[in-house]
1. Which residue, of A95, A103, is modelled with pLDDT under 95 and crowded, with 20+ Cβ neighbours inside 10 Å?
2. When only residues in the range 59-81 that are surrounded by fewer than 17 Cβ atoms within 10 Å (Cβ to Cβ) and over 20 Å from V36 (Cα atoms) count, which is nearest to the chain's Cα centre (by Cα)?
3. What number of residues in the range 26-58 are over 22 Å from A100 (Cβ atoms), in contact (Cβ under 8 Å) with a residue 60 or more places away in the chain and open to solvent by less than 60 Å² (accessible area, probe 1.4 Å)?
4. Sort out for me the helices (runs of 4 or more DSSP H) sitting completely within the range 37-85 that have 1 or more residues that are out of contact with any Pro (no Cβ under 8 Å at 6 or more places or on another chain) and among the acidic types (D, E).
5. State whether the residues of the range 197-213 include one that is within 24 Å of L113 (Cα to Cα) and of a type outside the set (D, E).
6. Looking for whichever is modelled with pLDDT of 85 or more, surrounded by 14 or more Cβ atoms within 10 Å (Cβ to Cβ), more than 13 Å from L92 (Cα to Cα) and not aliphatic (A, V, I, L, M) here; the options are G182, G207, G199. Which one fits?
7. Suppose the filter is at pLDDT 90 or above, among the aliphatic types (A, V, I, L, M) and either touching a Pro at 6+ places or on another chain (Cβ under 7 Å) or open to solvent by 20 Å² or more (accessible area, probe 1.4 Å) (or both); does A134 pass it?
8. Picking from A160, A175, A189, which residue would you name as being under 19 Å from G105 (Cβ atoms), modelled with pLDDT of 90 or more and either open to solvent by 60 Å² or more (accessible area, probe 1.4 Å) or assigned to a helix (DSSP H, G or I) (or both)?
Amino acid sequence: MPYRRTENVVRRLAARREAIMQAAGALAAEAGIAAVQITPVSRRAGVATGTVYRYFPSKDELVGALVHDVAEREIGAMRRAADAAPGPLSALAAAITTYAARALGSRKLAFALIAEPADAADDARLAFRAALAAELGRRVSAAVQAGLLPGQDIAVAAPALTGALIEGLIGPLAADARDETGTRDAVQALTLFALRGLGVADARARGLVVGTTVPGRERGG
């Protein structure tokens with residue numbers, strides 16, 4: 001008779017994987033992608049090194065899984081915020097501000113998983129960028145189809161918007177938002193810039209920015 005895992009075993013395995021991923025994310029947030037090594041992750045997670053290897057046979061696979069998990073979490077947060085907005089333009093503004101505020105809430109982690117030079121998990125990090133561009137492009141396309149934005153090439157606009165967010169928030173030349181006020185101002189300034197660049201009239205863009213709640217600095221959930 002084939003072995004079947006009980007619910008308790010499945011939960012325990014999932015909890016152990018989550019502890020490993022939390023440890024990897026904490027190390028990346030503190031010291032960048034280079035800090036995500038099997039031994040330090042095992043220590044932070046409180047598990048044996050061999051346990052980490054059972055889940056992730058190499059550092060590259062561990063980093064790839066971390067990028068994948070963070071990407072799902074961040075894209076999910078953007079979608080929930082946009083889906084709760086009353087219309088296509090406010091949905092676009094909500095998606096932008098949500099990503100921006102969460103990135104600034106843990107700037108080093110955001111940089112590590114999307115922009116920091118590293119050989120590990122390049123495919124996963126490119127997929128993260130592509131997913132971010134696709135989600136933004138979907139929101140821009142909806143606003144265009146509703147007649148709220150001028151017609152534009154989404155294949156050009158979405159990557160350009162993604163690049164502006166990355167460079168404006170976490171790139172080496174980005175301003176350092178040191179407190180809650182600085183974070184809010186940076187998020188609103190970048191959202192206003194993006195909306196203007198996509199063709200929203202200034203007065204309307206300002207109204208959308210003022211009417212969009214900037215999420216807190218917490219990155220959970």
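1. Exactly one of A95, A103 is modelled with pLDDT under 95 and crowded, with 20+ Cβ neighbours inside 10 Å, namely A103.
2. The selected residue is G76.
3. Adding up the residues that qualify gives 1.
4. 59-83
5. no
6. After ruling out the rest, the residue left standing is G207.
7. Details: at pLDDT 90 or above: yes; among the aliphatic types (A, V, I, L, M): yes; either touching a Pro at 6+ places or on another chain (Cβ under 7 Å) or open to solvent by 20 Å² or more (accessible area, probe 1.4 Å) (or both): yes.
Yes: the conditions hold for A134.
8. Result: A189 is the single residue among A160, A175, A189 that is under 19 Å from G105 (Cβ atoms), modelled with pLDDT of 90 or more and either open to solvent by 60 Å² or more (accessible area, probe 1.4 Å) or assigned to a helix (DSSP H, G or I) (or both).
The values are calculated or read from the model by the stated rules, or taken from the named source; none is laboratory data. What you see is a predicted model, and the numbers here were worked out from it, not measured in a lab. When we count neighbours, we look across all protein chains shown, and the Cβ atoms used for this are built from the backbone with ideal geometry, even at glycine. For accessibility, only protein heavy atoms count, side chains too; no ligands or nucleic acids. Shrake-Rupley method; radii C 1.70, N 1.55, O 1.52, S 1.80 Å.
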